[in-house]
Amino acid sequence: MLDILQLRMYQEEFDQLEICQIRRRDDCHAAFTVKGKDQIWPVASWGEIPAEEKINVRGWFPLLDKIANELLIWRPQGGSIFVTRDSVFYRLAETDTRGVLFLQLEMHRLAVVPPRQVDVVRAQVAT
């Protein structure tokens, strides 16, 4: 059995992935095509795409680079990836609606820390 990597992220990092999308999708938060170790396009594609959509966003967002690097471990040839709030999966074909899970995402949560208890020490003045 293979272990699925769990990756922690901040909400701001997650939101950045949607900002650079060429077109919004109803089935996921963001979709990308990883073309080898040097290129990530902000659109899911299995065939030819217009030149204006071949924007290389590799290096723009550290979270996206981590996700792409993990995909390349699972699929050295790359492919189309789909990011949801709690997972990332790749699809073998455009008609594949389920995909293959390869990464679980977890949102960093702010923790409430109780205030530190400080003992009050009173100095006595010698007279």
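The values are calculated or read from the model by the stated rules, or taken from the named source; none is laboratory data. Not measured: the values here are computed from a predicted model. Neighbour counts run over all protein chains shown; Cβ positions are idealised from the backbone, glycine included. Please note that ligands, DNA and RNA were not included when accessible areas were found on the heavy atoms of the full protein model with its side chains. Shrake-Rupley method; radii C 1.70, N 1.55, O 1.52, S 1.80 Å.
Assorted remarks:
- Members of region 72-96 found to be farther than 19 Å from Arg58 by Cα and in contact (Cβ under 8 Å) with a residue 40 or more places away in the chain, listed by number: Thr84, Arg85, Arg91, Ala93, Glu94
- Of all residues making up region 79-103, the number that are more than 16 Å from His29 (Cβ to Cβ) and either of a type in the set (Lys, Arg) or modelled with pLDDT of 95 or more (or both): 1
- Any hit, region 60-67, residues being open to solvent by 80 Å² or more (accessible area, probe 1.4 Å), outside any loop (DSSP other than H, G, I, E, B) and out of contact with any Phe, Trp or Tyr (no Cβ under 8 Å at 6 or more places or on another chain): yes
- The number of residues in region 71-88 that are in a helix (DSSP H, G or I) and within 19 Å of Glu18 (Cα to Cα) comes to 1.
- Members of region 73-87 that are open to solvent by less than 80 Å² (accessible area, probe 1.4 Å), within 18 Å of Gln6 (Cβ to Cβ) and not hydroxyl-bearing (Ser, Thr, Tyr): Trp74, Ile81, Phe82, Val83
- Of all residues in region 7-24 being assigned to a loop (DSSP other than H, G, I, E, B) and in contact (Cβ under 8 Å) with a residue 24 or more places away in the chain, the one that is farthest from Arg98 (Cα to Cα): Tyr10
- Among the residues of region 41-53, those that are open to solvent by less than 80 Å² (accessible area, probe 1.4 Å), part of a loop (DSSP other than H, G, I, E, B) and either among the hydroxyl-bearing types (Ser, Thr, Tyr) or in contact with a strand residue (DSSP E or B) (Cβ under 9 Å, 6 or more places away or on another chain) (or both) comprise Pro42, Val43, Ala44, Ser45, Ile49.
- Matching residues, region 88-105, being under 11 Å from Leu5 (Cβ atoms) and either open to solvent by 20 Å² or more (accessible area, probe 1.4 Å) or more than 16 Å from the chain's Cα centre (by Cα) (or both): Leu101, Gln104
- Candidate set: region 25-40, residues that are part of a strand (DSSP E or B) and over 12 Å from the mean Cα position of the chain (by Cα); chosen: the one nearest to Thr97 (Cα to Cα): Thr33
- Of all residues making up region 23-40, the number that are open to solvent by 30 Å² or more (accessible area, probe 1.4 Å) and at pLDDT 90 or above: 5
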